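What follows is a set of notes on a single structure, which appears directly below.
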């Protein structure tokens, strides 16, 4: 996150700042707030950067929103063959964040 912000860019949503929840239904209100915040972050971003994670769940919802909204999508990490959606032309698979910066000319 620091690498992005140090270049003068804004993180529109940072799920790492959410407190861990053991059960979404048992924490329904805060879970809904987190979901709304994350979707708002996707709507407000210029580029969506996904760090691939086979354990991830919500990230695929955010990815779908980014695709539907026509956002530039960058995928970083080793798990980039788990879905047919990863092959869409607006998704750019890269090795690291520096490649994202090069692609965006920042």
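We did not get these values from a lab; they are worked out from the coordinates using the rules stated. These numbers were taken from a predicted model, which means no experiment stands behind them. Positions of Cβ are generated from backbone atoms using ideal geometry, with glycine treated the same way; all protein chains shown enter the neighbour counts.
Where does each of 9, 82 land when they are ranked from fewest to most other beta-carbon atoms within 10 angstrom?
Values: 9 15, 82 12.
Ascending Cβ contact count within 10 Å gives the list 82, 9.
Which angle between 0 and 90 degrees, to the nearest 10, do you get for helix 58-68 versus the longest principal axis of the chain when only C-alpha atoms count? Roughly 50 degrees between the two axes.
Rounded to two decimals, what is the ratio between the C-alpha radius of gyration of segment 67-106 and 2.2 N^0.38 Å?
On the way: Rg = 10.4 Å, N = 40, 2.2 N^0.38 = 8.9 Å.
With N residues counted in segment 67-106, Rg over 2.2 N^0.38 Å equals 1.16.
Full extension of the segment from residue 11 to residue 104, taken as 0.36 nm per residue of separation minus the current Cα-Cα distance, would add 32.0 nm. Put in line by how crowded their Cβ is, counting other Cβ atoms within 10 Å and starting with the fewest, 1, 50 read 1, 50. Built from the Cα atoms of segment 1-52, the convex hull projects on average onto 4.3 nm², one quarter of its surface area. Among 94, 106, 42, the ranking by other beta carbons within 10 Å of each residue's beta carbon, starting with the fewest, stands as 106, 94, 42. Length gained on full extension, residue 22 to residue 97: 24.0 nm, using 0.36 nm per residue less the C-alpha separation. Note on the chain: semi-axes of the ellipsoid equivalent to its C-alpha gyration tensor, largest first and rounded to whole Å, are 23, 17, 13.
Using 0.36 nm times the number of residues separating residue 33 and residue 69, minus their current alpha carbon distance, what extension gain do you get? Let's see the in-between values first.
On the way: separation 36, 0.36 × 36 = 12.96 nm, distance 2.06 nm.
This chain segment gains 10.9 nm when fully extended.
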